[in-house]
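Have a look at the structure below, then the notes.
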Amino acid sequence: MLRNAISSARIFQLISVRDPPPPSAGFPKVTQRLPTKYGGVYTVTLIPGDGIGHEITESVKDIFEHVNAPIEWEQYNVSGMSSRARTSSSRLWRVCDATGYHTFLSGILFTPISQSGHISWNVAMRQQLDIYASVVLCKSLPGFSTRHSNVDFAIIRENTEGEYSGLEHQSYPGVVESLKVSTRAKAERISRFAFDFALKNNRKKVTCVHKANIMKLGDGLFLNTFRRVAEEYKTTGIEFNDMIVDNTSMQLVSRPTQFDVMVMPNLYGAIVSNIGAALVGGPGIVPGCNVGRDYALFEPGCRHVASDIMGTNRANPAAMILSATMMLRHLGLDHLANNIASATFNVINAGQVRTADMGGAATTSEFTTAVIKNLE
């Protein structure tokens, strides 16, 4: 159960990227680059994405309209299914460059598997805008029982390098070389982010997930950098340890309550976040965000396109709604965020309106309506 059933002000609290990191982080201050705001209204770029993206982002728009949230949507209907996304994305980069610190709310963009497919739009966006930290929050919800109770951990993954560097080629027919890029600077940056997140959110332990026993140089660099950073935070009382990724997977499904904050390279984060979602009820209820120095992007934590139920009004919008409340907190609109999060948890806790993934028969629209009624 949650520490306090609907002390939802803290349920999905997120480190505020508007605040400069503490001096120990070693970063220059960013106090002059606040989220874009004109006349009391914040401009947020909305990217519905593919699959169920339009349906779940419409839920957010309906709820925000009901509470009169001071958000002005700047919508870009970019699709990851077409290489033409590059044309739209170039326009988006120009918008970002012109507006200083920028905030996004996004559904999930599809990435093709075929060899002839274009580069992942998600990866390109995170690399080009240096949105380097992914945060996924996995927490047991009141009123919705799963195999494990009292699950409460945050997954922090490095977003811009590792196996997702996109550097691969066929050196000889039937021989493919794929480069995994690891740098000390980015390992240090994400490790500091993890410890700062723990400090600001009253977390007690940070676990580094790696495969340094096999990838002794690449993951060895990540692990050793983490250990060095951890020493600097010893005086804060935050514990730290490390765990090999395959053992982490087993420990998650057998004893998940041992984890608090987890930090890891890109690929491991993608896998672990799906395991974490399964522990607490599925991808439909796990929120997330991606944070950089100049940009912040809020999206469901598991990045499932769910094209099989696209257009059927059956998607669970909870993860998208909760991600949007994290965005509101990032913008300093805590009161609105808390009200919307509380209403969402109340609907789940009551158990009367649940989508198919949570064992019910409610539609996306019905779940959204129930949240709005809880706000009245």
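The values are calculated or read from the model by the stated rules, or taken from the named source; none is laboratory data. These numbers were taken from a predicted model, which means no experiment stands behind them. Note that we place each Cβ from the backbone using ideal geometry, even for glycine, and neighbour counts take in every protein chain shown.
Put simply, of 230, 194 the only residue that is within 16 Å of residue 138 (Cβ to Cβ) and among the aliphatic types (A, V, I, L, M) is 194.
Kindly indicate the residue of the stretch 226-281 that is among the small types (Gly, Ala, Ser), without any contact (Cβ under 8 Å) to a residue 40 or more places away in the chain and surrounded by 15 or more Cβ atoms within 10 Å (Cβ to Cβ) and also nearest to residue 195 (Cα to Cα) among those meeting that condition. This residue is 230.
Do we find a residue being assigned by TED's automatic domain parsing to the domain that holds residue 255, of a type in the set (S, T, N, Q) and on the phi > 0 side of the Ramachandran plot anywhere in the stretch 204-212? No; the residues of the stretch 204-212 include none that is assigned by TED's automatic domain parsing to the domain that holds residue 255, of a type in the set (S, T, N, Q) and on the phi > 0 side of the Ramachandran plot.
Selection within the stretch 42-62: residues that are assigned to a loop (DSSP other than H, G, I, E, B) and at pLDDT 85 or above. The member of this set that is nearest to the chain's Cα centre (by Cα) is 48.
Residue-wise test of (1) part of a strand (DSSP E or B); (2) surrounded by fewer than 20 Cβ atoms within 10 Å (Cβ to Cβ); (3) in contact (Cβ under 8 Å) with a residue 40 or more places away in the chain.
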residue	(1), (2), (3)
179	yes, yes, no
188	no, yes, yes
192	no, no, yes
197	no, no, yes
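Screening the stretch 150-170 for residues that are surrounded by fewer than 16 Cβ atoms within 10 Å (Cβ to Cβ) and at pLDDT below 90 and picking the one that is farthest from residue 268 (Cα to Cα) gives 170. One residue alone among 117, 100, 39 is at pLDDT below 80, out of contact with any Ser or Thr (no Cβ under 7 Å at 6 or more places or on another chain), on the phi > 0 side of the Ramachandran plot and not β-branched (Val, Ile, Thr), and that residue is 39. For the criterion of being assigned by TED's automatic domain parsing to the domain that holds residue 57, within 14 Å of residue 137 (Cβ to Cβ) and not basic (Lys, Arg), residue 345 passes. The condition (being at pLDDT below 95 and either within 21 Å of residue 300 (Cα to Cα) or buried (at least 22 other Cβ atoms within 10 Å of the Cβ) (or both)) is satisfied by just one residue among 173, 142: 142. Give the residues of the stretch 269-294 that are at pLDDT 90 or above and either in a loop (DSSP other than H, G, I, E, B) or farther than 19 Å from residue 321 by Cα (or both), sorted by residue number. Listed by number, the residues that qualify are 269, 270, 271, 272, 275, 279, 281, 282, 286, 292.
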